[in-house]
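Undergrad: For reference, the structure I am asking about is given below.
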Amino acid sequence: MKKLMLLGGSRYILPVIKEAHKLGIYVITCDYLPDNVAHKYSDEYKNISIIDKEAVLKFAQEKRIDGIMSFACDPGVTVAAYVAEEMHLPFQGSYHSVCILQDKGLFRDFLYQNGFHVPRAKVYSNIKEAVDDIDFFKWPVIVKPVDSSGSKGVSKCDKIKELERAAEEALAFSLKKKFIIEEFLTFKGYHSSTDIFAVDGELKFVTYSDHLFDSEADNPHTPTTIIWPTTMKKESQDYLTKELQRLMRLLGLKSGIYNVETCVDIDNKPYIMEVSPRGGGGKIAEIQEMAYGIKLIENEIRQAVGFPVKSIVQSQCNGYWCKLVIHEEYGKSGILDHIAFKPEIESKYIKSIELAVKQGDYIKPFTGANMSLGDIFLKFGSREELDRVVNNSKEWLRIQLK
């Protein structure tokens, strides 16, 4: 029996465990949080830090695993690549390449050195150095940890006086204790976040989405809505796909799923913002499977343990789909009483609801993806219908606190 190690234990890897079991694979989950929900469904759990690459490698060797993934779990990706390389297991790329992808500073520098469109950016570990360097940038700017995901520790600074606070926030969420400042891009249309799939380094399935934010949320840079298909112009999509393929060849990337973030600025210049060799958080692969009919999760498992990948082809979106993050309004917190949906909306449009909280849980402000209360998948017959319903979600989605 094949053995698959999964780094992390959140609800987002439950579909991975389910699909692995369908394939007859023994699943081992690892992290330092024994109460995480995924550990209840795996075949074995190990209490271990997923950022300790030597400890994870030692355990993986002891268990003689056949594959390793850090699906929807950004902190473990470089460790998964390290273990795969040391044990000669399949993975999307070398440890060196994955380290570049997973560090925003290294990735921005790689893009710049190889002629990709990239916003002006610089990495700092010292706040004073950043404050002294303010003339390097055109303002406003975005301040981010170099190594976090889910918009945690991300701030936009319109004024120089906001920089020190933003840098402190970014450092608080950085394992490397480094942050990056980059010039703020004004989008034309929407930011895009999707999961794509490559086979032997060749892109086989690529999508783009409309990624919307709630300007009234506690963190307005945390995405709350993702829509397929995108409204991005075809020429921009074609350009980005060509550049993503070029990136894969330059880094020697291989088979597997990749979470990709892109955008187009007001000057019609397309940018690759993030590429990570993992499934995206927020159940992106799941809703894309429903919308496009491509079994992304099953095939990611297959490549991880050395099984042949099956039926990865480009396809069209079946309807208009939306993933809506359930989150509390700005500044609200308290004990959850219930979450309710209008029956007519639920019966007509909602295809899936997954709550991450239950009655009696303490609800915190929506400061990052980890503060999500759950996810809703909806399907519509037109983009106009989708926009009308989603833009009025406060009328049919109620979060009641005690």
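Throughout, read-outs are computed from the coordinates displayed, never taken from laboratory work. Since this is a predicted model, take the numbers as computed values, not measurements. As a convention, Cβ positions derive from the backbone with ideal geometry for all residues, glycine included, and neighbour counts pool all protein chains shown.
Undergrad: Can you list residues whose amide H is under 5 Å from Phe213's amide H, if they're 5+ apart or on another chain and H is modeled 1.01 Å from N?
TA: Result for Phe213 returns Thr224.
Undergrad: State to the nearest 20 debye the size of the charge dipole of the range 3-89 about its Cα centre, where the only charges are +1 on K and R beta carbons and -1 on D and E beta carbons.
TA: Taking the Cα centre of the range 3-89 as origin, the dipole is about 280 debye.
Undergrad: Which aspartates and glutamates, on any chain, are close to Lys18 with Cα under 16 Å apart, when same-chain ones fewer than 8 places away are left out?
TA: Candidates past the 8-residue exclusion: Asp43, Glu44, Glu286, Glu289, Glu298, Glu300, Glu354.
Undergrad: Here's another thing I want to ask about it. When only C-alpha pairs under 8 Å and at least 6 residues apart count, what is the relative contact order of the range 192-401, in percent?
TA: Computed over the range 192-401, the figure is 21 percent.
Undergrad: Expressed as a rounded percentage, what relative contact order does the chain have, with Cα pairs under 8 Å and six or more residues apart?
TA: 14 percent
Undergrad: Taking the chain as a Gaussian network, Cα atoms linked when under 10 Å apart, which of Asn268, Asn391, Asn114 shows the biggest mean-square fluctuation?
TA: Taking springs between Cα atoms under 10 Å, the residue moving most is Asn391.
Undergrad: Next question. Taking Cα centroids, how far is the range 97-125 from the range 331-402 in Å?
TA: 36 Å
Undergrad: Here is a follow-up. Excluding Phe205 itself, what net charge comes from residues whose Cβ is under 11 Å from its Cβ, given Lys and Arg +1 and Asp and Glu -1?
TA: Once positives and negatives cancel, what remains is -1.
Undergrad: Could you pull out the pairs from Lys104/Lys176; Lys152/Lys178; Lys234/Lys323; Lys323/Lys394; Lys122/Lys177 whose alpha carbons sit more than 18 Å apart here?
TA: Lys234/Lys323
Undergrad: Taking square-rooted eigenvalues a ≥ b ≥ c of the alpha carbon gyration tensor, is the range 192-401 rounded, prolate or oblate, where a/c under 1.5 means rounded and, failing that, a/b exceeding b/c means prolate?
TA: prolate
Undergrad: Can you work out the FRET efficiency for the pair Glu344 and Met290, with r the C-beta to C-beta distance and R0 = 30 Å, to the nearest 0.05? Provide the component values of the computation, followed by the final result.
TA: Details: r = 21 Å, r/R0 = 0.71.
Rounded to the nearest 0.05, the efficiency is 0.90.
Undergrad: About its Cα centre, what dipole magnitude does the range 207-339 give when the only charges are +1 on Lys and Arg Cβ and -1 on Asp and Glu Cβ, stated in debye to the nearest 20?
TA: Here the range 207-339 has a charge dipole of around 880 debye.
Undergrad: Using 0.36 nm times the number of residues separating Ser333 and Lys188, minus their current alpha carbon distance, what extension gain do you get? Write down the numbers at each step before the final one.
TA: Details: separation 145, 0.36 × 145 = 52.20 nm, distance 3.37 nm.
Working it through step by step, the gained length comes to 48.8 nm.
Undergrad: Something else now. Based solely on its DSSP helices, what 222 nm [θ] is calculated for the chain when runs of n ≥ 4 H residues each add -39,500 (n - 2.57) and the sum is averaged over all residues, nearest 500 deg cm²/dmol?
TA: After summing the helix terms and dividing by residue count, I get -8500 deg cm²/dmol.
Undergrad: Straight distance only, please: which lysines reach the Cα of Lys254 with their own Cα at less than 20 Å, same-chain residues fewer than 8 apart left out?
TA: Qualifying lysines at Cα under 20 Å: Lys204, Lys242, Lys295, Lys310.
Undergrad: Only four residue types carry charge here, +1 at the Cβ of Lys and Arg and -1 at the Cβ of Asp and Glu. Report the dipole size of the chain about the Cα centre in Debye, rounded to the nearest 20.
TA: On the way: 53 positive and 56 negative charges, 131 e Å.
Taking the Cα centre of the chain as origin, the dipole is about 620 debye.
Undergrad: Can you tell me, using C-alpha contacts under 8 Å and at least 6 residues apart, the relative contact order of the range 145-253 as a whole percent?
TA: Answer for the range 145-253 is 20 percent.
Undergrad: Here is a further query. Please name which of Val264, Leu373, Phe59 has its Cα lying farthest along the dipole of the chain towards the positive end, using unit charges on Cβ (Lys, Arg +1; Asp, Glu -1) and the Cα centre as origin.
TA: Positive-end residue among those listed: Phe59.
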